[in-house]
Amino acid sequence: MNIYQIANQMKINHQTIYDINIRVAYYVRVSTLREQQDSSVDNQIIHFEKLIKSHPNWTFVNGYVDRVRGESASNRESFMQMIEDGKSDKFDLVLTKEVSRFARNTIDSLTYTRELLRYGVGVLFENDN
């Protein structure tokens, strides 16, 4: 079931994203040594795994983590693997902290979000609604 079918099911049944059976992944990125020292990556991983597992209808699929500074999306290995896995129908939804963690600039963010949507994968930016 792709994100469009899921959205239709939600509308018909008056459900939220938390009420339906979906496969969920997360993406985490840090770009500075200071963030790494503050355990930002570990905190985000714990947060997303706990969040995903707290919803009985969600199935945790994978977490994708990059620890790079100033790299474009195409140079982030885990990010690109996530995009490929999304195209291969390995999950239905990606959670990430905020738009700036997903991509360094608006163009990359829109490009990759739209690309995932073309393959039926939604992206939820937790802090950016």
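Coordinate-derived values only; no laboratory data. Predicted, not measured: the structure shown is a model, and the values here were computed from it. Heads up, the Cβs are rebuilt from the backbone with ideal geometry, glycines too, and the neighbour counts pull from every protein chain shown.
Can you find even one residue in segment 111-119 that is touching a residue at least 60 places away in the same chain (Cβ under 8 Å) and surrounded by 13 or more Cβ atoms within 10 Å (Cβ to Cβ)? Yes, the conditions are met somewhere in segment 111-119.
Scanning segment 96-110 for residues that are under 13 Å from the mean Cα position of the chain (by Cα), in contact (Cβ under 8 Å) with a residue 12 or more places away in the chain and surrounded by 15 or more Cβ atoms within 10 Å (Cβ to Cβ) yields 96, 97, 99, 101, 102, 103.
Restricting segment 39-68 to residues that are free of Cβ contacts under 8 Å to residues at least 12 places away in the same chain and of a type in the set (Ser, Thr, Tyr) leaves a set whose member that is farthest from residue 29 (Cα to Cα) is 54.
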